[in-house]
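Structure first, commentary second.
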Amino acid sequence: MMSQFEGVFSVLPTPFSESGSVDANGLTRIIDLFLKAGVSGFTALGVTSETARLTEEERSAIVNIVLGHVSGRVPVVVGTTAEGTHTCIEHSRAVVSAGASAVMVSPPRMPKLNSEAVIRHYKMLSDAVDTTIVVQDYPPISGYAMEPSLLVRIATEIPQARVIKLEDPPTPLKIARIRELPGADAVAIFGGLGGMYLLEELLSGATGAMTGFAFPEILVQVVRHFHLRELEKAKEIFYRYVPLMRFEFQEGIGMAIRKEILRRRGAIDRSNVRSPGANVDPSTQRALDELFSWLKAEGCPWI
């Protein structure tokens, strides 16, 4: 089972039509683009998906669209984080019944959360739902930073929860600290954060990347060359495209930039995000123009 969870998993954004409804056609076009890029799997209903701005009906529709279009070609992880354990279990049961390969769950956001409550949350989920659990370590969303020892304890005590999506910087240092602990050999660790630290994460012991970066081809090549022990080639690709990763992952407007890039790639018709999210302004458009011009001059094959 763990062998399914390596490489690059693309976190899918949610494209919207001019009227503001979910653009199903755009979503399937993104899937096709990313499959062509060679991704190992997908994650639906992540932070990149604007999940917090979706209705329950839209969440269910997106899961069905993604699972139906992927049709078993690669694994699909679905985010089922909820403040209550009961709600998380119900969300997880629904997506697993629909065909999801795994669920991704952050600790519940609650006052005075502690490690015992976190363990109990994941244990109750694992007892109720027979599937792989991706433990999402992203404190800005959960409000709780999990220490390396807690993450390894979760993996040790709950065998279903041996995949980590780690987004608590400095991520390379945290990955290295996890790998030093007994029992960590059985854990798969994905970096995120737009791929900005992917090479350093791999050097520290990451399995791959799980992120919504709009050019997953780049991440796929970095991971492939790294695992082939072609470090110089992995470095050459990664260092060339770090400026693109950095630009796309700007706090507050990164989702809009990511969608704008996907629009320019022909995958979606509109780059709008849902309110109160910010859309791409003229100055950001101009800066993106300059970056794309530089990438084209550098011979980037996808521009």
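Test Glu248 against the criterion of being open to solvent by less than 10 Å² (accessible area, probe 1.4 Å), touching a strand residue (DSSP E or B) at 6+ places or on another chain (Cβ under 9 Å), of a type in the set (D, E, K, R) and under 25 Å from Ile141 (Cα atoms), and give yes or no. So Glu248 fails the test. Being among the acidic types (Asp, Glu), open to solvent by 20 Å² or more (accessible area, probe 1.4 Å) and farther than 27 Å from Gly72 by Cα is the requirement here; does Glu116 meet it? Yes: the conditions hold for Glu116.
On the given criteria, is Phe238 crowded, with 20+ Cβ neighbours inside 10 Å, assigned to a helix (DSSP H, G or I), touching a Leu at 6+ places or on another chain (Cβ under 6 Å) and without any contact (Cβ under 8 Å) to a residue 40 or more places away in the chain? Here the answer is no, as Phe238 does not meet what is asked.
Condition check ((1) β-branched (Val, Ile, Thr); (2) touching a Lys or Arg at 6+ places or on another chain (Cβ under 8 Å)) across all residues:
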position	(1), (2)
Ser149	no, no
Lys174	no, no
Glu180	no, no
Ala188	no, yes
Leu199	no, yes
Ala206	no, no
Ile218	yes, no
His227	no, no
Glu236	no, no
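For the range 81-103, check the following and say yes or no: at least one residue is in contact with a His (Cβ under 9 Å, 6 or more places away or on another chain), among the β-branched types (Val, Ile, Thr) and closer than 12 Å to Phe42 by Cβ. Looking for residues that are in contact with a His (Cβ under 9 Å, 6 or more places away or on another chain), among the β-branched types (Val, Ile, Thr) and closer than 12 Å to Phe42 by Cβ, one finds none in the range 81-103, hence no. Every residue in the range 26-78 that is under 21 Å from Ile141 (Cβ atoms), crowded, with 23+ Cβ neighbours inside 10 Å, in contact with a Ser or Thr (Cβ under 6 Å, 6 or more places away or on another chain) and not β-branched (Val, Ile, Thr), please. Within the range 26-78, Phe42, Leu45, Ser49 meet the criteria. Whenever a residue of the range 89-103 is open to solvent by less than 50 Å² (accessible area, probe 1.4 Å), its partners that are at pLDDT below 95 and part of a helix (DSSP H, G or I), lying with C-beta atoms within less than 9 angstrom and at least six residues away or across chains, give the pairs Ser101/Gln4; Ala102/Gln4.
Yes or no: the range 162-182 includes at least one residue that is open to solvent by less than 40 Å² (accessible area, probe 1.4 Å), of a type in the set (Ser, Thr, Tyr) and closer than 17 Å to Ser204 by Cβ. Yes; the residues of the range 162-182 include at least one that is open to solvent by less than 40 Å² (accessible area, probe 1.4 Å), of a type in the set (Ser, Thr, Tyr) and closer than 17 Å to Ser204 by Cβ. When the range 121-139 is filtered for residues that are open to solvent by 60 Å² or more (accessible area, probe 1.4 Å) and touching a residue at least 12 places away in the same chain (Cβ under 8 Å), the ones remaining, listed by number, are Lys123, Met124, Asp130. For the criterion of being among the aromatic types (Phe, Trp, Tyr), at pLDDT 95 or above and outside any helix (DSSP H, G or I), Phe213 passes. Would you check which residues across the range 183-206 are buried (at least 24 other Cβ atoms within 10 Å of the Cβ), touching a residue at least 60 places away in the same chain (Cβ under 8 Å) and in a strand (DSSP E or B) and list them? Matches in the range 183-206: Phe190 only. Considering the range 1-25, and only residues there that are closer than 23 Å to Leu193 by Cβ and modelled with pLDDT under 95, the residue that is most open to solvent (accessible area, probe 1.4 Å) turns out to be Glu6. Taking the condition closer than 23 Å to Ala188 by Cβ, of a type in the set (A, V, I, L, M, F, W, C) and not in a helix (DSSP H, G or I), does Val63 pass? Against the criterion (closer than 23 Å to Ala188 by Cβ, of a type in the set (A, V, I, L, M, F, W, C) and not in a helix (DSSP H, G or I)), Val63 does not qualify. For the range 119-145, a residue qualifies if it is modelled with pLDDT of 95 or more, under 23 Å from Gly191 (Cβ atoms) and not aromatic (Phe, Trp, Tyr), and the qualifying residues are Thr131, Thr132, Ile133, Val134, Val135, Gln136, Asp137. Screening Ala256, Ala287 for residues that are part of a helix (DSSP H, G or I) and surrounded by fewer than 17 Cβ atoms within 10 Å (Cβ to Cβ) leaves exactly one candidate, Ala287. In this structure, Arg274 does satisfy being under 22 Å from Leu54 (Cβ atoms), surrounded by 11 or more Cβ atoms within 10 Å (Cβ to Cβ) and charged (D, E, K, R).
Scanning the range 140-149 finds one or more residues that are out of contact with any Pro (no Cβ under 7 Å at 6 or more places or on another chain), more than 23 Å from Ala52 (Cα to Cα) and open to solvent by 20 Å² or more (accessible area, probe 1.4 Å).
The values are calculated or read from the model by the stated rules, or taken from the named source; none is laboratory data. The structure displayed is predicted, hence computed values, not measured ones. Positions of Cβ are generated from backbone atoms using ideal geometry, with glycine treated the same way; all protein chains shown enter the neighbour counts. Heavy atoms of the whole protein, side chains included, go into the accessibility calculation; ligands, DNA and RNA do not. Shrake-Rupley method; radii C 1.70, N 1.55, O 1.52, S 1.80 Å.
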